[in-house]
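Some notes on the structure that comes next.
The values are calculated or read from the model by the stated rules, or taken from the named source; none is laboratory data. On a predicted model such as this, the values are computed, not experimentally measured, just so you know. Backbone-built Cβ (ideal geometry, glycine too); neighbour counts: all protein chains shown. We work out accessible area using only protein heavy atoms, side chains counted, and drop any ligands, DNA or RNA first. Shrake-Rupley method; radii C 1.70, N 1.55, O 1.52, S 1.80 Å.
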Amino acid sequence: MTYKETLDWMFSQLPMYQQKGIVALNAKMDNIIEFSNALGNPEKKFKSIHVAGTNGKGSSSHMLASILQEAGYKVGLYTSPHLKDFRERIKINGQMVSEKFVVDFITEHRTFLEFRKLSFFEMTVGMAFTYFVAENVDIAIIEVGLGGRLDSTNIITPEVSLITNIGLDHTHILGDTLEKIALEKAGIIKPRVPVVISERQAETETIFNLIAHQLQSKIVFVDTLDVPKYKTDLLGEYQQQNIGGVVATVKQLENFEVPETAIINGLQKVVHNTGLLGRWQVIQENPMVVCDTAHNKEGLYYVLKQIAKQKYDQLHMVLGFVNDKDVKNVLTLFPKEAKYYFVKPNISRGMDIDRLSELARSQGIEGKSFDSVKKGLKAALASANNNDFIYVGGSTFVVAEIV
């Protein structure tokens, strides 16, 4: 198979949460454990840091990788979803896995994958872990796909676990309260492995303390530490919350030497070192166009706070969502005085623009509808003057179409 044929097979043969939503979820660990056994248990052959959380886990994972690269280590990075190319999910020192490795891995294991009916995510985790062992990484940063307890990545025993924060996202899968969601995320805490909590929340603090105590794991709440303010090339003031957890995690790492210069340089070169896309990313200036992958109420709260601090004549919002989000609730955050361009991301889960318009109107928001993200952005650019500000977002899949 060619690389394209291999991806087509992976995407179509087996459901992918990114495209299909809950039907793609296999909420048990049997498959990944069997696959890992067949692969020779690669998860036991490299050191790792495990990162979970509702918001900030992607940025935090990339920050950690960048810092450890600056300290001179060979660093694997496994994240999801991808924006443009599947291979963004699996990197070493910022370089994506080769097309050849992807093709060869799927070709070699295709019979097993078909027979066991592995999910897209399960096969990707097996691929990433195998690649990190083959390339002999010093450490890998592993971002949880969804939740934690039953996530396919949860076969690792890391050096440190990091939980960024807990918000109401994927409630139809993880539970409809912060406490229930915290229980799922806390599933990555391992016996006698330190865990860092980036953001203390009254609803979740007791759960994390209880589970860490049961497992005899040291627990570190970042707000108890005196973490200095660091600069980062990831724009958006909300990144400061992530930095605290990242620095605390680095400090918990044993047998790795990470000088202060590596922390400073690593945080300032995240995009350069890792290739991260879509976090308060400036697409152009005059007029300013910014996109961000924030896609739930907590994430968008911070993005909109950041937008409110910008100087502009008129604000334009190019917005699209997916069906399994509480969009009506999310829209309560958005300013009424902006000009809105409603778009549908090009995936089956993409929310229909008529439905989005209807929900927006119920919140007193009026706008025009476009059947693609690019058409919506084109209309916003045509309408804007050089001193205006255009925001593109609402979903990772909206951003994917313009970066």
Item checked: Entries in LYS180/LYS339; LYS309/LYS378; LYS44/LYS269; LYS47/LYS269 that, when Cα-Cα distance is taken, lie over 27 Å -> LYS180/LYS339; LYS44/LYS269
Item checked: Derived scalar couplings ³J(HN,Hα) [region 99-112; Karplus, 6.51 cos²θ - 1.76 cosθ + 1.60; whole Hz; x for Gly, Pro] -> 4, 4, 4, 4, 5, 5, 5, 5, 4, 5, 10, 4, 4, 4
Checklist line | Cα shape, region 35-93, gyration tensor, a/c 1.5 rule | finding: oblate
Notebook entry, point to check: Anyone know which of ASN329, ASN346, ASN41 comes out most mobile in the 10 Å Cα GNM of the chain?
Noted result: ASN329
Margin query: Apply the Karplus curve 6.51 cos²θ - 1.76 cosθ + 1.60, θ = phi - 60°, to the phi angles in region 195-204 and return the couplings in whole Hz, x for Gly and Pro.
Written below: 10, 10, 10, 5, 9, 6, 10, 4, 6, 10
Checklist line | Positive-pole candidate from ASN209, ALA338, GLY299, dipole of the chain, charges at beta carbon | finding: ALA338
Check: Counting only residues 5 or more places away or on other chains, whose amide H sits under 5 Å from the amide H of ILE141 once H atoms are built in the peptide plane?
Finding: ILE49, GLY76, LEU77, TYR78
Note to self: Distances longer than 32 Å among the Cα atoms of the chain: what percent of all pairs is that?
What the structure shows: 34 percent
Note to self: Accessible area per residue for region 1-153 in Å², computed with a 1.4 Å probe and the full protein assembly in place, what is it?
What the structure shows: 38 Å²
Check: How big is the C-alpha Rg of region 46-168 next to the rule-of-thumb value 2.2 N^0.38 Å, as a ratio?
Finding: 1.03
Checklist line | Prolate/oblate/rounded label for region 205-309 (Cα gyration tensor, a/c 1.5) | finding: oblate
Notebook entry, point to check: In terms of modelled amide H atoms, which long-range or inter-chain residues lie less than 5 Å from the amide H of SER217?
Noted result: ARG192
Next item on the list: Return the loop-located GluC sites (Glu not before Pro) in region 202-240 (DSSP other than H, G, I, E, B) with at most 12 other Cβ atoms within 10 Å of their own Cβ; answer none if there are none.
Entry: GLU237
Next item on the list: With springs only between Cα atoms under 10 Å apart, run a GNM on the chain and tell me which of ALA248, ALA65, ALA52 wobbles the most.
Entry: ALA248
Item checked: Partner aspartates and glutamates for LYS74 [C-alpha distance under 14 Å; skip if fewer than 8 residues away on the same chain] -> GLU135, ASP138, GLU257
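I'd like the carbon and sulfur percentage of the solvent accessible area for the chain, probe radius 1.4 Å, heavy atoms only, ligands and nucleic acids excluded.
Of all accessible area on the chain, carbon and sulfur atoms account for 49 percent.
Which residues make up the longest stretch of the chain clear of trypsin sites (Lys or Arg not before Pro) that lie in a DSSP loop with no more than 16 other Cβ atoms within 10 Å, not counting the sites?
232-308
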Check: Which of PRO194, PRO345, PRO287 moves the most in a Gaussian network model of the chain with Cα springs under 10 Å?
Finding: PRO287
